[in-house]
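Written below as structure tokens is the structure these notes are about.
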Amino acid sequence: MKAIDSNLNVAIKSEMTANELLAIANMEMPTLLDPILPKVGVASLVGSSDTGKSSFLRQLALAIVQGRDEFIGHNLECDHESAIYVSTEDEQNALGHLLAKQLDVLDVIEEGKTPQSAELDNLQFIFDTEGLLENLEKKLSNKPADCIVIDAFSDVFSGSINTSNDVRTFLQQYADLARKHQCLVIFLHHNGKRTQYGTPHKDDILGSQGFEAKMRAILNLSLDKYNDSLRNLCVVKHNYLPEEEKSKVTNLKFGQDLNFSFSGTSNLESLSKKSGPTKVDQLLKNNYPIIDRLIHAKDYTYKDAEKALNEGGVDVSRGTLAKAVKARKNGESG
């Protein structure tokens with residue numbers, strides 16, 4: 001989609017007549033990641049723990065500054081090829097390692113060399129969130145950006161997450177910032193407990209309804225029930241997306257390099273809790289002797305169990321094994 005001509009200053013006007021609005025009515029809605037992320041406003045990526053949300057948003061930021069025109073099967077439409085990433089969960093050394101892994105330069109670093117790329121200067125990381133809004137204002141005034149990632153919302157919001165007015169007032173400041181500087185602010189946020197395998201819904205989001213209400217778009221990243229290396233990305237809210245588009249799911253492979261790659265598409269019905277047994281259910285049904293041995297034999301390790309399962313053609317992660325052990329102990333299945 002073509003972006004609105006910045007010379008019109010459409011998005012930064014505080015008042016417009018009906019005729020001025022009609023003059024731009026035939027323009028397509030500008031997007032950053034077509035059609036699921038708008039070019040301007042506040043949006044969010046939500047999901048349960050261990051889905052790779054931070055890795056996803058870092059990869060998006062890297063794709064922006066690298067000038068790529070595609071990301072996870074969607075057109076990426078950047079104006080500035082510049083991004084800002086606010087990191088509250090990963091400190092500098094850890095983040096450097098994660099970036100090196102995603103950029104596939106760990107071997108270069110191990111050789112004592114420092115990989116450099118001019119385009120990476122367009123990706124700025126912020127670790128100090130004191131006076132964050134003012135800092136972002138200064139940075140954007142000095143150099144425009146296509147996207148600001150705030151990882152994570154709960155670390156920069158100091159009010160009550162369950163108080164709608166507090167949340168909306170806080171987010172309005174970032175909506176104003178995005179509108180003024182014509183960029184997208186993406187907040188990483190979390191879903192409540194026990195929501196990871198159900199059909200994604202905006203009501204799963206942690207905290208008050210005020211968070212969801214203020215977002216122009218919300219994407220949900222979830223674990224796949226049957227394959228540990230797959231993730232499912234879907235839209236749980238979008239102010240301007242047709243309903244048929246909201247029912248689509250982007251299937252992603254999550255690699256050992258912490259990068260996501262497009263694996264296909266499906267629909268929301270495929271993510272239903274009733275669509276079939278989980279990987280844990282399958283383990284307990286078909287491989288319970290190995291699970292029992294893991295529980296009762298002191299000299300039998302998770303590594304031994306993984307090896308035995310892999311030799312039997314079962315691809316399983318340590319996390320799934322741990323869930324199966326817990327379920328077996330609790331008598332939930334088998």
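The values are calculated or read from the model by the stated rules, or taken from the named source; none is laboratory data. Computed from a prediction, not measured in an experiment: that's the story for all the values here. Cβ: placed from backbone, ideal geometry, glycine included. Neighbour counts: every protein chain shown.
Taken over the range 262-287, the criterion of being under 12 Å from Ala324 (Cα atoms), at pLDDT 75 or above and either among the polar types (S, T, N, Q) or touching a Gly at 6+ places or on another chain (Cβ under 8 Å) (or both) is satisfied by Gln282, Leu284, Lys285, Asn286, Asn287. If you take the residues of the range 171-207 that are β-branched (Val, Ile, Thr) and out of contact with any Phe, Trp or Tyr (no Cβ under 7 Å at 6 or more places or on another chain), which of them is surrounded by the fewest Cβ atoms within 10 Å (Cβ to Cβ)? This residue is Thr199.
Is there a residue in the range 277-292 that is among the aromatic types (Phe, Trp, Tyr), under 23 Å from the mean Cα position of the chain (by Cα) and surrounded by 14 or more Cβ atoms within 10 Å (Cβ to Cβ)? There is no residue in the range 277-292 that is among the aromatic types (Phe, Trp, Tyr), under 23 Å from the mean Cα position of the chain (by Cα) and surrounded by 14 or more Cβ atoms within 10 Å (Cβ to Cβ). One residue stands out among those in the range 208-265 that are crowded, with 20+ Cβ neighbours inside 10 Å, free of Cβ contacts under 8 Å to residues at least 60 places away in the same chain and touching an Asp or Glu at 6+ places or on another chain (Cβ under 7 Å): the one that is farthest from Ala61 (Cα to Cα), which is Lys237.
Pairs linking a residue in the range 302-323 that is in a loop (DSSP other than H, G, I, E, B) to a residue that is of a type in the set (Gly, Ala, Ser), with Cβ atoms under 7 Å and 6 or more positions apart or on different chains, do not occur.
Among helices (runs of 4 or more DSSP H) entirely within the range 70-176, having at least 2 residues that are free of Cβ contacts under 8 Å to residues at least 40 places away in the same chain and more than 26 Å from Gly192 (Cα to Cα) singles out 92-103, 106-110, 132-142.
For the range 236-275, a residue qualifies if it is aliphatic (A, V, I, L, M) and assigned to a helix (DSSP H, G or I), and the qualifying residues are Leu268, Leu271. Taken over the range 212-250, the residue count meeting the criterion of being more than 24 Å from Thr163 (Cα to Cα) and within 16 Å of the chain's Cα centre (by Cα) is 13. Within the range 147-169, being surrounded by fewer than 23 Cβ atoms within 10 Å (Cβ to Cβ) and either over 13 Å from Thr129 (Cβ atoms) or not assigned by TED's automatic domain parsing to the domain that holds Glu269 (or both) holds for Gly159, Ser160, Ile161, Asn162, Thr163, Ser164, Asn165, Asp166, Arg168, Thr169.
Taken residue by residue, the range 105-121 has no member that is of a type in the set (Val, Ile, Thr) and closer than 19 Å to Val149 by Cα. Out of all the residues in the range 118-130, is one or more farther than 25 Å from Leu258 by Cα and surrounded by fewer than 18 Cβ atoms within 10 Å (Cβ to Cβ)? For the range 118-130, residues farther than 25 Å from Leu258 by Cα and surrounded by fewer than 18 Cβ atoms within 10 Å (Cβ to Cβ): present.
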